[in-house]
Amino acid sequence: MASPDILPTLADVVRMQARDRAGMIAYEFEGRQTTFAQLDANTDRVANGLAALGLGKGDRIAYIGKNSDVYFELLMGAGKAGVVMTPVNWRLAPPESAFIINDCTAPVLFVGPEFVDLVRKLQGDLPHVRSIFTTEGGAAEWPDYVAWRDAQSSATPATPVGRDDVAIQLYTSGTTGKPKGAMLSHGNLLHMVQAEDRDHPASWNDWSDQDVALLAMPCFHIGGTQWGVNSLCFGARGVVAREFDPGKVLDYFEQSGVSRIFMVPAALQIVVRLPRAAQADYSRLKTIFYGASPIPAALLRECIDTFGCEFVQVYGMTETTGSIVALPPADHLEGGERMRAAGKAMPGVEVMVRDDNGKPLPAGEIGEVATRSGANMVGYWNLPEATAKTVDSDGWLLTGDAGYLDEDGYLFIQDRIKDMIISGGENVYPAEVESAVCDHPDVAETAVIGVPDDKWGESVKAVVVLRPGGQASAEDIIAFTRTRIAGYKTPKSIDFIDALPRNPSGKILRRELRAPYWEGRDR
Ligand code: ATP
Ligand code: MG
């Protein structure tokens, strides 16, 4: 593979691929194929078009749309002009999406066909937006993206852009509060691929240009965007799915020769439980990457049995440009304790578990996970105080997650510190309890929360979704769980519910489940 190691920006990688793999397919979207040569030419025009609109280094553009090849053209085209791409999470309520468009102060907005009406309604509340383009036509009052792009100069953009310049402003998923705009540089986006040891690359992190990467997770989260950038770096074919559609994921596996995919556990659960999943053809599939939230052990075993390919868990966050820790396929083979780990620090990444005073803790002791690497964000946009609280003066970024390292450097994530339940003075991490409850054959999924308790301070409650036809009672589930985990961790009560509230990245919104129990009280 031509090595993208020393290339400082996305633009340099695009140019390298255009030179080395001109006629190969960079992105494929609903039958439309873009070669690397076309990607290079299209992104030059985007950069020139943005400059012609008066945008320069450090200005933002916003994109509200589902996944598409246009998204990557805009990311890389903006990058060539030093302009910062801001994808907007459209699954939020309209005022929340508007918050992001306004917060980033983008004067130019690109709108996918599904959001034309939404933007028409919001327009009066978007004071910064001066120009709007539609990515697939459909609005007489706004120009079409392709027509605009193709009318721009094809000259090589002149703005000098460097590794430390911000390429994307990505909002955190908002599990714990309002999303924050994490500014990620070109170097941040390229870190994961470039830090890999080229002489001894991990096989699962060393793709070739024969690989086909299915992009099925939303690009407004780091998981989707990082996947598309990695695919570009390796010269692989990025097959872009407009959105996560479980049946279509199986179609893509069978018809597009998908070899690598990233899915969050909630998405894996839906795909693996499709009736068709047991018979589908997975012969081209090499590696499933999963992460972004804890995976119940039972679900992971189900996936390994059904898909029969390599599995890699990744752990990371928006602020670390995604994956910084990975659990390789070999650690999935034996099962057992190690399969509960999130993995080991990836090349070029330091991971530390520390106490409240910032002192590193010995193996086995639980503390806050901190990390330092070239993938740590530049900072939060317009939130210097939040940035200072998150990244210390030595460059360690605090994740807000509780965890421990074992003797061999494997990181075990317990859960978010904010979600920890303190019951009778003992710390209980919901993820561990959820995994035990999910082992019950009648349980489809569960979320564990702390509810006020006069005696214990908080007590453990499991909110359970039963599988179709599941009959288990609250007593059955409590008795079953008690055989797997300590008494103080076992739920004292169970609520049954039809579906769990999740955010678009599949994370359980435990604060929504907790709210009715904590009304009028502090937690
Ligand atoms: P916000 O910070 O706005 O509340 P968020 O933390 O959900 O949102 P992300 O950056 O998308 O936003 O998510 C990062 C978090 O996801 C991590 O801090 C961690 O809690 C969780 N996470 C990521 N990977 C894993 C994993 N492999 N296992 C368990 N949890 C994970
Ligand atoms: Mg977070």
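The values are calculated or read from the model by the stated rules, or taken from the named source; none is laboratory data. The model shown is predicted, which means the values in this text are computed figures rather than measured ones. Methodologically, a virtual Cβ is constructed for each residue, glycine included, from the backbone with ideal geometry; neighbour enumeration extends over all protein chains shown.
Give 163, 242 a once-over and let me know the one that is under 20 Å from the mean Cα position of the chain (by Cα), surrounded by fewer than 23 Cβ atoms within 10 Å (Cβ to Cβ), away from ligand 2 (no atom under 16 Å from the Cβ) and not in a helix (DSSP H, G or I).
242
Between a residue in region 118-132 that is surrounded by fewer than 17 Cβ atoms within 10 Å (Cβ to Cβ) and any residue that is among the polar types (S, T, N, Q), which pairs come within a Cβ distance under 6 Å, given they are 6 or more apart or on different chains?
Taking only residues 6 or more apart or on different chains, the pairs are 128/105.
Considering 281, 305, which residue is outside any loop (DSSP other than H, G, I, E, B), farther than 26 Å from residue 416 by Cα and at pLDDT 95 or above?
305
When the residues of region 149-183 are filtered to those that are farther than 21 Å from residue 417 by Cα and modelled with pLDDT under 95, which remaining residue is farthest from ligand 1 (Cβ to nearest atom)?
That would be 158.
Have a look at 325, 314 and point out the one that is within 16 Å of ligand 2 (Cβ to nearest atom), β-branched (Val, Ile, Thr) and in contact with a Lys or Arg (Cβ under 8 Å, 6 or more places away or on another chain).
Numbers: 314 fails: in contact with a Lys or Arg (Cβ under 8 Å, 6 or more places away or on another chain).
So the residue among 325, 314 that is within 16 Å of ligand 2 (Cβ to nearest atom), β-branched (Val, Ile, Thr) and in contact with a Lys or Arg (Cβ under 8 Å, 6 or more places away or on another chain) is 325.
Give me the pairs: first residue in region 152-177 and under 17 Å from residue 224 (Cα atoms), second residue of a type in the set (Lys, Arg) and within 15 Å of ligand 2 (Cβ to nearest atom), beta-carbon distance under 6 Å, and six or more apart or on different chains, which are they?
Hits for this filter: 172/180.
Since residue 164 meets every condition but one in (1) of a type in the set (Asp, Glu); (2) more than 25 Å from residue 243 (Cβ to Cβ); (3) out of contact with any Ser or Thr (no Cβ under 7 Å at 6 or more places or on another chain), which condition does it not meet?
Of (1) of a type in the set (Asp, Glu); (2) more than 25 Å from residue 243 (Cβ to Cβ); (3) out of contact with any Ser or Thr (no Cβ under 7 Å at 6 or more places or on another chain), only one is false for residue 164: (3).
Just one of (1) surrounded by fewer than 22 Cβ atoms within 10 Å (Cβ to Cβ); (2) of a type in the set (Gly, Ala, Ser); (3) closer than 17 Å to residue 484 by Cβ trips up residue 444, so point out which.
So the condition that residue 444 fails would be (3).
Please work out which residue is farthest from ligand 2 (Cβ to nearest atom), limiting yourself to region 173-186 and to residues that are crowded, with 21+ Cβ neighbours inside 10 Å and among the hydroxyl-bearing types (Ser, Thr, Tyr).
Per the stated criteria, the residue is 185.
Check region 3-20 and report whether any residue there is modelled with pLDDT of 95 or more, part of a loop (DSSP other than H, G, I, E, B) and charged (D, E, K, R).
Checked region 3-20: no residue is modelled with pLDDT of 95 or more, part of a loop (DSSP other than H, G, I, E, B) and charged (D, E, K, R).
How many residues, within region 193-211, are modelled with pLDDT of 95 or more and surrounded by 23 or more Cβ atoms within 10 Å (Cβ to Cβ)?
The qualifying residues number 0.
For region 245-261, give me each residue that is of a type in the set (Lys, Arg) and either within 19 Å of residue 329 (Cβ to Cβ) or part of a loop (DSSP other than H, G, I, E, B) (or both).
Matches in region 245-261: 260 only.
Sort out which residues of region 466-515 are within 28 Å of residue 221 (Cβ to Cβ) and either hydrophobic (A, V, I, L, M, F, W, C) or exposed (fewer than 14 other Cβ atoms within 10 Å of the Cβ) (or both), and write them in order of number.
Across region 466-515, the qualifying residues are 497, 498, 499, 500, 508, 509, 513, 515.
In a helix (DSSP H, G or I), surrounded by fewer than 20 Cβ atoms within 10 Å (Cβ to Cβ) and either β-branched (Val, Ile, Thr) or touching a residue at least 60 places away in the same chain (Cβ under 8 Å) (or both), is that true of residue 37?
Criteria not met by residue 37.
Would you check which residues across region 40-58 are over 27 Å from the mean Cα position of the chain (by Cα) and in a loop (DSSP other than H, G, I, E, B) and list them?
Within region 40-58, 53, 54, 55, 56 meet the criteria.
List every residue pair whose Cβ atoms sit under 6 Å apart, with the two residues 6 or more apart in sequence or on different chains, where the first one lies in region 310-322 and is under 13 Å from residue 205 (Cβ atoms) and the second, anywhere, is within 8 Å of ligand 1 (Cβ to nearest atom) and part of a helix (DSSP H, G or I).
322/222
Restricting attention to region 335-358, does a residue exist that is in a loop (DSSP other than H, G, I, E, B), over 14 Å from residue 195 (Cα atoms), in contact with a Gly (Cβ under 6 Å, 6 or more places away or on another chain) and away from ligand 2 (no atom under 16 Å from the Cβ)?
Among the residues of region 335-358, at least one is in a loop (DSSP other than H, G, I, E, B), over 14 Å from residue 195 (Cα atoms), in contact with a Gly (Cβ under 6 Å, 6 or more places away or on another chain) and away from ligand 2 (no atom under 16 Å from the Cβ), which makes the answer yes.
Which of the residues that make up region 216-239 are in contact with a Phe, Trp or Tyr (Cβ under 6 Å, 6 or more places away or on another chain), of a type in the set (A, V, I, L, M, F, W, C) and part of a helix (DSSP H, G or I)?
Answer for region 216-239, where residues must be in contact with a Phe, Trp or Tyr (Cβ under 6 Å, 6 or more places away or on another chain), of a type in the set (A, V, I, L, M, F, W, C) and part of a helix (DSSP H, G or I): 227, 234.
Which one is nearest to residue 264 (Cα to Cα) among residues in region 308-324 that are out of contact with any Ser or Thr (no Cβ under 7 Å at 6 or more places or on another chain) and assigned to a loop (DSSP other than H, G, I, E, B)?
It comes out as 321.
For the list (1) under 25 Å from residue 331 (Cα atoms); (2) away from ligand 1 (no atom under 13 Å from the Cβ); (3) at pLDDT 95 or above, I need the number of the one condition that residue 187 fails.
Just one mismatch for residue 187, condition (1).
Please verify whether region 271-281 includes one or more residues that are of a type outside the set (Asp, Glu) and within 13 Å of ligand 1 (Cβ to nearest atom).
no
Exactly one of (1) free of Cβ contacts under 8 Å to residues at least 60 places away in the same chain; (2) in contact with a strand residue (DSSP E or B) (Cβ under 7 Å, 6 or more places away or on another chain); (3) basic (Lys, Arg); (4) within 13 Å of ligand 1 (Cβ to nearest atom) is unmet by residue 372. Its number?
(4)
Is it the case that region 100-110 has a residue that's under 27 Å from residue 157 (Cβ atoms) and of a type in the set (Phe, Trp, Tyr)?
Yes, that holds for at least one residue.
When you scan region 91-133, how many residues do you find that are part of a strand (DSSP E or B) and small (Gly, Ala, Ser)? Please lay out each step first, then the result.
Applying the first criterion (part of a strand (DSSP E or B)) to region 91-133 yields 108-111, 131-133.
Now restrict to residues that are small (Gly, Ala, Ser): 131.
Within region 91-133, residues that are part of a strand (DSSP E or B) and small (Gly, Ala, Ser) number 1.
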